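Some notes on the structure that comes next.
The values are calculated or read from the model by the stated rules, or taken from the named source; none is laboratory data. Please read these numbers as outputs of a predicted model, since none were measured by experiment. As a convention, Cβ positions derive from the backbone with ideal geometry for all residues, glycine included, and neighbour counts pool all protein chains shown. Please note that ligands, DNA and RNA were not included when accessible areas were found on the heavy atoms of the full protein model with its side chains. Shrake-Rupley method; radii C 1.70, N 1.55, O 1.52, S 1.80 Å.
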Amino acid sequence: MIHLENALFAWPDEEALINIRDFSVKEGEKVFLKGSSGSGKTTLLSLVAGIQTIQSGSLKVRGEELKNMKCHKRDRFRGDHMGYIFQQFNLLPWLSIEDNILAPVLFSPVKRKKEKGKHHNKVRELLDELSLDVDLRKKAGNLSIGQQQRVAVARALIGNPELIIADEPTSALDADRRKNFMNLLFSECEKRGATLLVVSHDRELATRFSRVVDLESINGGAYV
Amino acid sequence: MFKLALQSLINRKNVLILIYISLSLSVLLFLGVQRTREISRTSFSRTISGTDLIIGARTGQINLILYSVFHMGNAVNNISYNSYLELAGREEVAWSVPLSLGDSHKGFRVVGTTDDYFRFFTYGKKHPLTFDNGAEFQDLFDVVIGSAVAEELNYKVDDSVIINHGAGKVSLSSHDTLPFRISGILEPTGTPVDKSLFISLEGISAIHIGWERGMETRKVTREQALAVDLSPQSITSAYIGLKNRRTAFSFQRIVNNYPDEPLMAILPGAALYELWSLMGIAEKALTFISGAVVLIGLISLLSAQMAVLNQRRREMALLRSLGATPIRLFYFLFIESFIMTAAGCLSGVFLLYAVQIAVSKIFSSSGLYLDLTLPSPSEWILLIITLAAGLLTGLIPAIMTYRKSLTDGMSVRS
Ligand SMILES: Nc1ncnc2c1ncn2[C@@H]1O[C@H](COP(=O)(O)OP(=O)(O)O)[C@@H](O)[C@H]1O
Ligand SMILES: [Mg+2]
């Protein structure tokens with residue numbers, strides 16, 4: 001699903017932050033990537049998502065070399081095949097919960113096709129599975145952080161993308177909610193056979209993951 | 001994208017409503033100034049047409065046009081009736097209308113003239129005067145009134161009215177022994193004619209009997225007046241129509257060099273133009289100010305968009321994670337500004353018509369012409385300029401967001 005080889009990336013006027021000789025994630029695999037703060041986790045996810053491109057080497061997702069794609073193709077590719085969960089501020093506060101969850105369907109024809117026009121039912125199903133009992137028409141800004149993160153999972157899952165990426169999805173949650181949330185995220189991906197890539201500095205959350213990787217161990221970048 | 005932009009605008013409605021109001025009002029002001037300008041210019045230039053020359057005692061050309069056409073101010077001097085007859089009798093003259101000004105009725109000016117006035121005077125696109133009711137004066141004590149006079153004072157044909165000596169609104173000395181009968185009411189023209197009363201030159205003489213020393217020395221009755229020789233001695237000015245317009249300059253020279261008394265002749269078009277250009281400075285200043293107000297409205301829109309730019313970098317990162325291209329984010333912000341400016345322009349135009357309808361209801365009798373026309377070409381140009389300026393101001397935050405979203409990646413560090 002993801003394959004990096006001699007991938008090199010540096011922010012402007014900085015030394016190379018990402019320098020990964022060899023790292024891959026197989027289809028359906030659930031990988032937990034651990035790294036301390038500032039080690040380049042978010043940067044790596046930007047590269048995998050195709051927001052930024054590596055300066056040399058190879059980074060393939062679903063067998064496609066991202067840096068060879070045109071900009072808008074890459075954006076399209078991300079919209080079609082990935083679901084992304086941020087640390088926080090995952091939702092557009094001025095949109096309703098339903099519209100937030102359906103936003104990916106708006107941007108990606110592939111996801112739209114996969115939902116076969118039943119996306120409104122799907123929203124309800126997802127919220128049931130995530131045990132969120134809220135009024136769909138409510139503005140997303142009114143939800144608690146925990147609820148917002150769960151809505152973000154629903155949004156990432158809609159349209160059944162092959163790859164779910166989560167960037168420290170629990171760091172804004174209370175300690176006792178974190179495990180719960182990770183379990184939920186894990187089982188939802190499991191159920192759909194989606195590949196899951198989670199980055200976090202908190203190793204505690206990795207219990208159910210088949211593979212836990214230390215970013216430092218694969219990355220020879222400038223970070224020490 | 002349009003729906004998203006709209007939702008995002010609705011979310012910030014408190015600030016944006018204020019900006020929307022200021023945009024609407026500034027567009028209203030901008031267009032309003034423009035429209036008033038156009039209306040006053042046309043109503044100005046349509047006050048007199050078809051008259052080749054106006055003659056009067058020597059004075060400034062502005063002064064002469066003011067009192068002879070707009071019935072404002074006073075003549076410094078009269079011209080003798082004989083001089084008028086001699087000039088009007090020249091072979092190049094096709095028609096002439098004498099005017100004797102200086103009296104009033106309840107604040108409306110009284111014009112002494114001949115029935116040629118109703119035959120030859122034209123306004124606008126060479127429109128002759130027409131009667132709404134009744135006909136021109138026949139009798140010495142007949143009066144023809146303009147439409148605004150009739151409407152405001154609620155006069156009908158055959159009503160009798162008292163003509164004051166002097167131009168004041170409230171006059172202690174009225175010729176109340178000599179009532180005039182309304183013989184006709186003119187149709188509205190949108191010119192000073194609407195606010196005037198017309199009587200014969202002999203009628204003017206009649207109301208001045210007993211006033212030879214500048215104050216009332218005796219009262220006269222109708223019978224006494226009829227017994228006196230009322231043939232006019234002097235008039236204030238005269239409209240002249242020539243057989244051939246090309247003789248206007250030579251005729252003007254003859255009048256200006258008239259040996260018996262100091263006279264002058266003016267070309268109404270040139271005088272109107274000079275009068276208009278006097279007002280042109282104020283008019284330009286107004287246009288400039290109203291343009292500046294529009295600019296201020298747009299700047300407040302810009303600052304509102306800039307203020308939330310940083311906060312919105314998160315939204316932009318989010319939209320990018322969903323597959324939005326940077327170009328789409330650019331459109332997103334651009335459409336927002338467009339919606340705001342377009343809404344401002346639209347309601348500005350709407351308000352303009354609302355104000356115009358209200359104003360024309362209030363001033364319907366004042367002879368002010370307020371046609372409800374579609375926006376004129378120059379108004380369209382102003383609207384398009386405003387819209388374009390709005391789009392340009394929308395470009396700035398849009399471009400900034402576009403560039404930020406390229407460099408931000410998935411981490412928004414504020
Ligand atoms: N948008 C950016 N522009 C420039 N430099 C950046 C940007 N984002 C991150 N960096 C650099 O990359 C480093 C690592 O950041 P990041 O990938 O967010 O780490 P992590 O997510 O592991 O905390 C930062 O210290 C910073 O120097
Ligand atoms: Mg990070």
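Screening segment B:70-157 for helices (runs of 4 or more DSSP H) wholly inside it with 1 or more residues that are of a type in the set (A, V, I, L, M) and modelled with pLDDT of 90 or more returns the ranges B:81-88, B:147-153. Criterion first (within 16 Å of ligand 2 (Cβ to nearest atom), farther than 30 Å from A:Leu136 by Cα and surrounded by fewer than 21 Cβ atoms within 10 Å (Cβ to Cβ)) does A:Leu44 satisfy it? Criteria not met by A:Leu44. Of all residues in segment A:62-76, those satisfying the criterion of being open to solvent by less than 80 Å² (accessible area, probe 1.4 Å), under 19 Å from the mean Cα position of the chain (by Cα) and within 14 Å of another protein chain (Cβ to nearest Cβ) are A:Leu66, A:Arg74, A:Asp75. Residues that are open to solvent by less than 10 Å² (accessible area, probe 1.4 Å) and within 20 Å of A:Ile97 (Cα to Cα) within segment B:1-32 comprise B:Ala5, B:Ser8, listed in sequence order. Every condition in (1) modelled with pLDDT under 85; (2) more than 20 Å from B:Thr114 (Cα to Cα) is met by B:Ile163 except one, and the failing one is (2). Just give me the residues in segment B:33-58 being open to solvent by 20 Å² or more (accessible area, probe 1.4 Å), under 30 Å from B:Ser237 (Cα atoms) and either out of contact with any strand residue (DSSP E or B) (no Cβ under 7 Å at 6 or more places or on another chain) or of a type in the set (A, V, I, L, M, F, W, C) (or both), in sequence order. Hits for segment B:33-58 are B:Arg37, B:Glu38, B:Ile39, B:Ser40, B:Arg41, B:Thr42, B:Ser43, B:Phe44, B:Ser45. The residue list A:Leu185, A:Leu173, A:Leu102, A:Leu106 contains one member that is over 21 Å from B:Leu322 (Cα atoms) and of a type outside the set (Phe, Trp, Tyr), which is A:Leu173. Residues in segment A:177-206 that are open to solvent by 20 Å² or more (accessible area, probe 1.4 Å), under 26 Å from A:Thr43 (Cβ atoms) and more than 16 Å from ligand 1 (Cβ to nearest atom): A:Arg178, A:Glu204. Quick check, is A:Leu33 outside any loop (DSSP other than H, G, I, E, B), within 17 Å of A:Asp167 (Cα to Cα) and either free of Cβ contacts under 8 Å to residues at least 60 places away in the same chain or within 13 Å of ligand 2 (Cβ to nearest atom) (or both)? Yes.
From the list B:Ala292, B:Ala317, B:Ala343, the one residue that fits, being small (Gly, Ala, Ser) and within 14 Å of chain A (Cβ to nearest Cβ), is B:Ala317.
Just to be sure before I move on: is B:Ile335 open to solvent by 50 Å² or more (accessible area, probe 1.4 Å) and part of a helix (DSSP H, G or I) in the structure I sent? Considered against the rule, which asks whether it is open to solvent by 50 Å² or more (accessible area, probe 1.4 Å) and part of a helix (DSSP H, G or I), B:Ile335 comes out as no.
Residues considered: B:Leu346, B:Leu309, B:Leu351. Of these, the only one that is touching a residue at least 60 places away in the same chain (Cβ under 8 Å), under 39 Å from the mean Cα position of the chain (by Cα) and open to solvent by 10 Å² or more (accessible area, probe 1.4 Å) is B:Leu351. Residues in segment A:46-65 that are more than 22 Å from A:Val105 (Cα to Cα) and either near ligand 1 (Cβ under 10 Å from one of its atoms) or part of a helix (DSSP H, G or I) (or both): A:Leu47, A:Gln52. Look at (1) at pLDDT 90 or above; (2) within 16 Å of the chain's Cα centre (by Cα) and you find that A:Glu98 fails only one, number (2).
Checking segment A:13-22 against the condition returns a match, with at least one residue being of a type in the set (A, V, I, L, M, F, W, C), closer than 23 Å to A:Val212 by Cα, within 16 Å of ligand 2 (Cβ to nearest atom) and surrounded by fewer than 22 Cβ atoms within 10 Å (Cβ to Cβ). Could you tell me whether A:Lys41 is touching a His at 6+ places or on another chain (Cβ under 9 Å), within 15 Å of ligand 1 (Cβ to nearest atom) and within 14 Å of chain B (Cβ to nearest Cβ)? Yes. Going through (1) touching a strand residue (DSSP E or B) at 6+ places or on another chain (Cβ under 6 Å); (2) among the small types (Gly, Ala, Ser); (3) within 9 Å of chain B (Cβ to nearest Cβ); (4) under 25 Å from A:Pro12 (Cβ atoms) one by one, A:Ser46 falls short only on (1).
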